[in-house]
Amino acid sequence: MNLALWLHRAGLSHGDRPALGLGTRAIKTYADVAARAARLAASLQQKFGLQPGERVVIAAKNCPDYVELMFGIWHAGLAAVPANAKLHGRELGYILQHSGARVCFASAGLDADIAPHAPAGLERLIVIGSREYDALFAADPVAPWQNRGDDLAWLFYTSGTTGRPKGAMLTHKVLAAASFAYVSEVNPIGPGDPLLHAAPMSHGSGLYMMAHVAKLGVNVVPESSSFEADEVMQLIDAWPSTSMFAAPTMVKRLVACRALCDPAQIKAIVWGGAPMYVADARDAIDRFGPRFAQIYGQGESPMTITTLSKQDIAERDHPRFAERLASAGRPFGCLEVAVADGDDRPLPAGATGEILCRGDVVMPGYWDNPEASAATLRGGWLHTGDVGAFDAEGYLTLKDRSKDVIISGGSNIYPREIEEILLEHAEVREASVIGRPDPDWGEAVVAYVVGDADRSELDALCLNAIARFKRPKDYVFVEALPKNNYGKILKTELRALDARRDKVERKN
Ligand code: AMP
């Protein structure tokens, strides 16, 4: 299995087809992109002397070059390390040091952030679009390196909501399995179908890039490097049959956007990466129609653990539609998924436990971290750290990250359940529920809310829908919730914030 061949073959057989788009325009064909990847590979091997298996970091905002860089790196038998462009220079420095990369490609501007934190081993920091960069594409092309399925292709640093990020090793085989899973079970794309990279290419959106190359689609990058709902609407109109990956916060912003687009142009908007609350999912379907699919995955099993299909989301009359919409769907065909107790024993449908999975799409381990690899992959299963339950029909509902579960008065309380209720209130824009250490209860349920709701109304909503003991004991109204660079709410930070707040209040 060799991802480099996907682009190489497309260049040979369908060289005149569009491969890359920028904004509303197609800018390069498959022949162009394949040739540039082969030339870049030559420079990486000959000019820089990089040896097969070495890692090359890409610290870049979304740009069409991303596709050429990734495939050029694979063409040369190297591994790519895409790093989120919004990370701090210090964090990027850590990824450079930990991955042992000698070469890093960076967007203009980011090089200055990286430079003071660059480890001694970094030999070249090349700005994308610079003269030095352009010169790399002047070399004579080389033949694609004969990568094997188990070779490292993508070192995926986890978003690191706690502690140092870990590098999930994604091999050619893992990424191929994830791509096939996407094409067969999420979104059956065909030649010319655009993939709009509205979300970071270093993460979820980039993980769909290869499938769109394999199927001769067009990887389209918006002109603005950050997510702009207005621009996305415009691009949907410009690119018929568009697909894109969007985190739930992005879907919410599209729903709230005043600009209009023709929803019939959308082939699929795939949401995932964080919980999508039912109220938000319904709003999205009302606005754009049944053009959504959901995926549940993590860096360690990229984009591929379960999926709620477009068909499931379209079946509004199904008697169990509401439950299904609240779920993350059914396991992908390429892996086994289990819900297990603390001793890794599988639990029956209806029971809640940790979600485990195993299959060809699961990483073989973390880079240079045998302890974390052994702990996460013990017994041959990937321990996701997510808690959930299967229903009798095989749909998996995610409850929370195991470390976010609240234990109050000896009962497990899953914050998401309460968040779903709070978000039903029209004035609540965002909600995040955490546990606060409490002398009587162990932990007390506390709701952080963005919006203008009245606490008695929120309390009434909860009383109407969930057991009394799950009701928040305190509501804190805030302007915004702490989030990471991918828009995920940082509960660890929220708990720390709450502890500081609580201390101040006690003092007063
Ligand atoms: P990352 O490895 O940064 O992509 O984060 C993966 C984590 O995001 C998972 O372990 C889940 O906790 C969460 N996540 C991913 N997809 C979903 C989803 N569809 N619904 C709820 N949470 C999700």
Problem - Qualifying residue in region 142-163 (condition: modelled with pLDDT of 95 or more, over 26 Å from His75 (Cβ atoms), open to solvent by 30 Å² or more (accessible area, probe 1.4 Å) and within 16 Å of the ligand (Cβ to nearest atom)) - result: no
Exercise for the section: Among the strands (runs of 3 or more DSSP E) lying completely within region 92-163, list those that include at least 3 residues that are over 16 Å from Ser43 (Cα atoms) and not hydroxyl-bearing (Ser, Thr, Tyr). Expected result: 152-157
Exercise for the section: Kindly provide the set of residues from region 464-503 that are hydrophobic (A, V, I, L, M, F, W, C), free of Cβ contacts under 8 Å to residues at least 24 places away in the same chain and either open to solvent by 80 Å² or more (accessible area, probe 1.4 Å) or part of a loop (DSSP other than H, G, I, E, B) (or both), ordered by number. Expected result: Ala467
Fill in the blank from the handout: Those residues of region 405-454 that are of a type in the set (D, E, K, R), over 20 Å from Ile489 (Cβ atoms) and in contact with an Asp or Glu (Cβ under 9 Å, 6 or more places away or on another chain) come to a total of 1
Handout entry: Selected residue [acidic (Asp, Glu), open to solvent by 30 Å² or more (accessible area, probe 1.4 Å) and within 16 Å of the ligand (Cβ to nearest atom)] from Glu443, Glu393, Glu417, Glu457
Key = Glu417
Completion exercise
Filter region 26-53 for residues that are surrounded by fewer than 21 Cβ atoms within 10 Å (Cβ to Cβ) and under 26 Å from the mean Cα position of the chain (by Cα); the one that is farthest from Gly206 (Cα to Cα) is Gly53
Exercise for the section: Output the residues belonging to region 266-306 that are under 30 Å from Trp367 (Cα atoms), of a type outside the set (Gly, Ala, Ser) and open to solvent by 10 Å² or more (accessible area, probe 1.4 Å). Expected result: Pro275, Gln294, Tyr296, Gln298, Glu300, Met303
Exercise for the section: Please verify whether region 350-370 includes one or more residues that are part of a loop (DSSP other than H, G, I, E, B), without any contact (Cβ under 8 Å) to a residue 60 or more places away in the chain and more than 25 Å from Leu175 (Cα to Cα). Expected result: yes
Practice task
Six or more apart or on different chains, Cβ under 9 Å: which pairs go from a residue in region 303-314 that's assigned by TED's automatic domain parsing to the domain that holds Ala338 and free of Cβ contacts under 8 Å to residues at least 12 places away in the same chain to one that's open to solvent by 10 Å² or more (accessible area, probe 1.4 Å) and more than 13 Å from the ligand (Cβ to nearest atom)? Could you list them?
Solution key: Gln311/Pro290
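The values are calculated or read from the model by the stated rules, or taken from the named source; none is laboratory data. Computed from a predicted model, the values in this text were never measured in an experiment. Every residue, glycine among them, receives a Cβ derived from its backbone with ideal geometry; neighbour counts consider all protein chains shown. Just so you know, the surface numbers come from the protein's heavy atoms only, side chains and all, with ligands and any DNA or RNA stripped out. Shrake-Rupley method; radii C 1.70, N 1.55, O 1.52, S 1.80 Å.
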